[in-house]
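Reading through the structure tokens given below for one structure.
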Amino acid sequence: MILFPAIDLKGGQCVRLKLGDMQQATVYNTDPAAQAKSFEDQGFEWLHVVDLDGAFAGHSANGDAVEAILKATQNPVQLGGGIRTLDHIEAWLSRGLRRVILGTVAVRNPDLVIEACRKFPGHVAVGIDAKGGKVAVEGWAEASELGVIELARKFEGAGVAAIIYTDIDRDGILAGINWASTLELAEAVSIPVIASGGLASLDDIRRMLEPDAQKLEGAISGRALYDGRIDPAEALALVKASRAKETA
């Protein structure tokens, strides 16, 4: 079980949105590289990064900030937002990124995701962002007619490293993760699922560590870490204790 701290990039700064609305962005750090190093120093083992501007533009828009992050931390980094082509995937992986997260292109061109998994095994994740149970694309600005599980099942057996599932209706408002839909997705596919959107407290961490949630790869935390609602040391201690129990 992994707790992924999140860095969302807008205009080269670390921000958090409310409900996916770019007009409701709170700046938490003007130095993303320093934030990445801080998360590593706190004991986190992974980093989740989203290029918000890139998600809307359809191409990387915060490339300099991402490269600075990669230089600042030794932790593996997964990046989503505006990654739409095989060349783009290869370019980021060659710079040291551990995983690319494909969102809009997974809806528009699922064959590209399958090809990417073949060319870059273990390095491709799919981001599924849902609003009202339907998959949203283009930085959450557009709704599709696809259901979450319907989309996820298109990639069974393709070699997708993980599915990052975000409930947009919970994102950035500290309402708690939508455990029902997240666990339903995890039950429906064999691909590891990472929960995102709404993680608000240590109670959410404890819920993530319950037996029925053990099938998840982990969860992403953003605003609650920045606001101090979740103490990193306490959260990571809970995760460590759970791991020790599993291996005992």
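The values are calculated or read from the model by the stated rules, or taken from the named source; none is laboratory data. Keep in mind that this is a model prediction, so the values were computed, not measured. Quick reminder, even Gly has a Cβ in these numbers, built from the backbone with ideal geometry, and neighbours come from all protein chains shown. For the accessible areas, the whole protein counts, side chains as well, though only heavy atoms, and no ligand, DNA or RNA atoms are used. Shrake-Rupley method; radii C 1.70, N 1.55, O 1.52, S 1.80 Å.
Values for this structure:
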item: Residue match in the stretch 15-34 (condition: in contact (Cβ under 8 Å) with a residue 60 or more places away in the chain and of a type in the set (Asp, Glu)); result: no
item: Residue, farthest from residue 51 (Cα to Cα), within the stretch 98-138, restricted to residues that are among the aliphatic types (A, V, I, L, M) and under 14 Å from the mean Cα position of the chain (by Cα); result: 130
item: Count of residues meeting criterion [open to solvent by less than 60 Å² (accessible area, probe 1.4 Å) and either within 16 Å of the chain's Cα centre (by Cα) or closer than 24 Å to residue 15 by Cβ (or both)] in the stretch 203-228; result: 15
item: Residue selected from the stretch 12-33 under the condition of a type in the set (Gly, Ala, Ser) and more than 21 Å from residue 129 (Cβ to Cβ), by the criterion surrounded by the fewest Cβ atoms within 10 Å (Cβ to Cβ); result: 12
item: Test: residue in the stretch 34-50 that is β-branched (Val, Ile, Thr), surrounded by 15 or more Cβ atoms within 10 Å (Cβ to Cβ) and part of a loop (DSSP other than H, G, I, E, B); result: no
item: Total residues in the stretch 147-178, condition open to solvent by 20 Å² or more (accessible area, probe 1.4 Å), modelled with pLDDT under 90 and of a type in the set (A, V, I, L, M, F, W, C); result: 3
